[in-house]
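One structure, pasted below without further comment.
Derivation of every value follows stated rules applied to the coordinates shown; laboratory data play no part. Not measured: the values here are computed from a predicted model. Backbone-built Cβ (ideal geometry, glycine too); neighbour counts: all protein chains shown.
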Amino acid sequence: MALTVQSRFHPTHADLAVVSLTGDVDISTAARLRDDLAALLGDGARHLVLDFTEVSFMDSSGLSVLAGIFPLLRGTGTLSLAAVNPRIREVLRTTGLTRLFPIYSSVDTAITVIRSGEDTLS
């Protein structure tokens with residue numbers, strides 16, 4: 001399934017971008033996702049929240065994109081995931097990527113934590 005990436009900056013926090021993903025994050029779509037996330041960073045995003053509500057599959061290419069974006073934000077911003085299904089969450093946990101970035105139950109929860117400056121997982 002093709003991947004649709006829609007992003008928007010938060011209306012009151014110009015350095016926070018929410019990225020809604022629809023479809024599969026796999027070898028055929030990972031480069032586009034990487035490019036879209038890099039463009040957001042170039043446009044001033046320091047905090048990225050990736051909404052996985054409509055993602056049912058992610059392969060190692062998608063994991064590589066997440067791992068590759070993380071160092072670009074380290075020390076200056078955050079990468080958070082929201083609404084990740086149990087199967088993808090387990091892959092993230094097994095690969096150790098959950099130690100790099102938090103996973104929240106919803107986009108709203110992720111935004112609330114980022115805005116409050118908390119650094120805890122939900």
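In the stretch 14-122, if the dipole is taken from +1 on Lys/Arg beta carbons and -1 on Asp/Glu beta carbons about the Cα centre, which of Ser116, Leu100, Ala82 is farthest to the positive end?
Selected residue: Leu100.
A follow-up question, please. Compute the relative contact order of the chain as a whole-number percentage, counting only Cα pairs closer than 8 Å that sit 6 or more residues apart in sequence.
Normalised by residue count, the contact order of the chain is 22 percent.
Same structure, new question: Please report, largest first and rounded to whole Å, the three semi-axes of the ellipsoid equivalent to the stretch 1-66, where each semi-axis is the square root of five times an eigenvalue of the C-alpha gyration tensor.
After scaling each eigenvalue by five and taking roots: 21, 12, 9 Å.
If you don't mind, there's one more thing I want to ask. Using the C-alpha atoms of the chain, what convex hull volume per residue, in cubic angstrom, is computed?
91 Å³
Please report the projected area of the stretch 57-122's Cα convex hull averaged over all directions, in nm².
The Cα convex hull of the stretch 57-122, projected and averaged over all directions, gives 4.3 nm².
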